[in-house]
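Take this structure first; my questions come after.
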Amino acid sequence: MSKYHLPKGSSADAAYGLVITPESAGWGHSGLRILNLAPGESHALDTADSEFLVLPLRGGCAVTVDGEVFALDGRSGVFDSATDFAYLPRGSKALISSASGGTFALPSARTEAVLPPRYGRKEDVPVELRGAGNCSRQVNNYCLPGTFDADQLLVCEVLTPGGNWSSYPPHKHDEARTDADGNPVESDLEEIYYFEIDGGENAFGYQRVYGTAERPIDVLAEVRSGDAVLIPHGWHGPSIAAPGYDLYYLNVMAGPGHDRAWLICDDPDHGWVRRTWESQPTDPRLPFGASEATA
């Protein structure tokens, strides 16, 4: 099952430190590239059949697309604050330029729709503190239903203080299901986790993915900065931040459904953990950096 864990550099290509396409992942919709630019460098991107975000991880950039220029202030690092970002539509040619250099995530999703290019303000990104106790984490909700319009793409960041567990209880979103009244209760989404860990090249964390007898998958990966984990299906979680090392991951999701929704179901063996949060405080180390929780 090691094909689901991509260590740093194992899928690099030219300016990209990481390249995940639907073809390379063996699925149909989600993608992610991590672009590294030296000071003064530019990169041309053809979005082809997908919609993209340009999401600074470190540094700022200018994004030119369809005659518009979006100046992204960016940030000094993923633990310092949320960031502004740009949306690139299907079938567009963009130029990403950085005077000071930096690292930029380019999450993507295949789509048939063509939406206008847009700028996402940092101040408009909802920052949520989720869980409690040693399950406390911070979620930066960039491109989800109700936070930013897209056709198929869903993108958020999760920041977990050292010693805490996130993506927990384990949950899944690998089949479109409704309840007895016909209300949607689960969506079918492929997911990518991209990790960065504070504390240098030896800092580490863990990611768990497991399936069912009908759809087996079994991943327990030690992850380091620059690694990615692919989740085509199955229960995923926990994402474990080792004591002393804060854990960051970028989530990219997309699927075949016409309704853009993120609907999950907990592993019934572990969902009871959520009820324990009612009597526990949020970890006082949150929020990270200059972010302020709004939900």
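Could you check, for region 101-112, whether at least one of its residues is of a type in the set (A, V, I, L, M, F, W, C) and free of Cβ contacts under 8 Å to residues at least 60 places away in the same chain?
Looking for residues that are of a type in the set (A, V, I, L, M, F, W, C) and free of Cβ contacts under 8 Å to residues at least 60 places away in the same chain, one finds none in region 101-112, hence no.
While we're on this one: Filter region 189-203 for residues that are of a type in the set (A, V, I, L, M) and either part of a strand (DSSP E or B) or surrounded by fewer than 24 Cβ atoms within 10 Å (Cβ to Cβ) (or both) and give the result.
Answer for region 189-203, where residues must be of a type in the set (A, V, I, L, M) and either part of a strand (DSSP E or B) or surrounded by fewer than 24 Cβ atoms within 10 Å (Cβ to Cβ) (or both): 192, 197, 203.
Kindly check whether there is at least one residue in region 263-278 that is of a type outside the set (Ser, Thr, Tyr), touching a residue at least 24 places away in the same chain (Cβ under 8 Å), within 19 Å of residue 129 (Cα to Cα) and in contact with a Ser or Thr (Cβ under 7 Å, 6 or more places away or on another chain).
yes
What residue, of 176, 180, is free of Cβ contacts under 8 Å to residues at least 40 places away in the same chain, of a type in the set (A, V, I, L, M) and open to solvent by 30 Å² or more (accessible area, probe 1.4 Å)?
Answer to the selection: 180.
Could you please find all residues in region 13-38 being aliphatic (A, V, I, L, M), touching a Lys or Arg at 6+ places or on another chain (Cβ under 7 Å) and open to solvent by 10 Å² or more (accessible area, probe 1.4 Å)?
19, the sole residue that qualifies.
Which residue out of 146, 205, 237 is in contact (Cβ under 8 Å) with a residue 12 or more places away in the chain, under 17 Å from the mean Cα position of the chain (by Cα) and on the phi > 0 side of the Ramachandran plot?
The match here is 237.
Also, quick follow-up: For the subset of region 150-170 comprising residues that are more than 16 Å from the chain's Cα centre (by Cα) and of a type outside the set (S, T, N, Q), which member is most open to solvent (accessible area, probe 1.4 Å)?
165
Could you tell me whether region 39-55 includes any residue that is hydroxyl-bearing (Ser, Thr, Tyr) and crowded, with 22+ Cβ neighbours inside 10 Å?
Yes, some residue in region 39-55 is hydroxyl-bearing (Ser, Thr, Tyr) and crowded, with 22+ Cβ neighbours inside 10 Å.
Condition check ((1) outside any strand (DSSP E or B); (2) closer than 18 Å to residue 86 by Cβ; (3) hydroxyl-bearing (Ser, Thr, Tyr); (4) in contact with a helix residue (DSSP H, G or I) (Cβ under 9 Å, 6 or more places away or on another chain)) across all residues:
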position: 145; (1), (2), (3), (4): yes, no, no, no
position: 148; (1), (2), (3), (4): yes, yes, no, yes
position: 152; (1), (2), (3), (4): yes, yes, no, no
position: 159; (1), (2), (3), (4): no, no, no, no
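Give the residue that is surrounded by the fewest Cβ atoms within 10 Å (Cβ to Cβ), with candidates limited to residues of region 85-95 that are outside any strand (DSSP E or B) and either of a type in the set (Ser, Thr, Tyr) or over 22 Å from the mean Cα position of the chain (by Cα) (or both).
The extreme case among them is 91.
Further question: Looking at (1) over 28 Å from residue 168 (Cβ atoms); (2) of a type in the set (S, T, N, Q); (3) open to solvent by 10 Å² or more (accessible area, probe 1.4 Å); (4) touching a residue at least 60 places away in the same chain (Cβ under 8 Å), can you tell me which one residue 98 breaks?
Here residue 98 clears every test but (3).
OK, next. Have a look at 82, 113 and point out the one that is touching a helix residue (DSSP H, G or I) at 6+ places or on another chain (Cβ under 8 Å), in a loop (DSSP other than H, G, I, E, B) and open to solvent by less than 60 Å² (accessible area, probe 1.4 Å). Reasoning before the result, please.
On the way: 113 fails: touching a helix residue (DSSP H, G or I) at 6+ places or on another chain (Cβ under 8 Å).
Just one listed residue meets the conditions, 82.
Considering only residues that are surrounded by fewer than 13 Cβ atoms within 10 Å (Cβ to Cβ) and outside any loop (DSSP other than H, G, I, E, B), which ones fall in region 1-12?
Answer for region 1-12, where residues must be surrounded by fewer than 13 Cβ atoms within 10 Å (Cβ to Cβ) and outside any loop (DSSP other than H, G, I, E, B): 2, 3.
Having 2 or more residues that are surrounded by 16 or more Cβ atoms within 10 Å (Cβ to Cβ), touching a Leu at 6+ places or on another chain (Cβ under 9 Å) and of a type in the set (Gly, Ala, Ser) is the bar; report the strands (runs of 3 or more DSSP E) wholly within region 204-295 that clear it.
By residue number, 235-241.
Are there any strands (runs of 3 or more DSSP E) wholly within region 13-78 with 3 or more residues that are within 21 Å of residue 149 (Cβ to Cβ) and of a type outside the set (Lys, Arg), and if so which?
Qualifying strands (runs of 3 or more DSSP E): 30-37, 50-65, 68-75.
The values are calculated or read from the model by the stated rules, or taken from the named source; none is laboratory data. Note that the structure is a prediction, hence the values are computed from the model and not measured. Glycine also receives a Cβ, built like all others from the backbone with ideal geometry; neighbour counts cover every protein chain displayed. Calculation scope for accessible area: heavy atoms of the full protein, side chains included, ligands and nucleic acids excluded. Shrake-Rupley method; radii C 1.70, N 1.55, O 1.52, S 1.80 Å.
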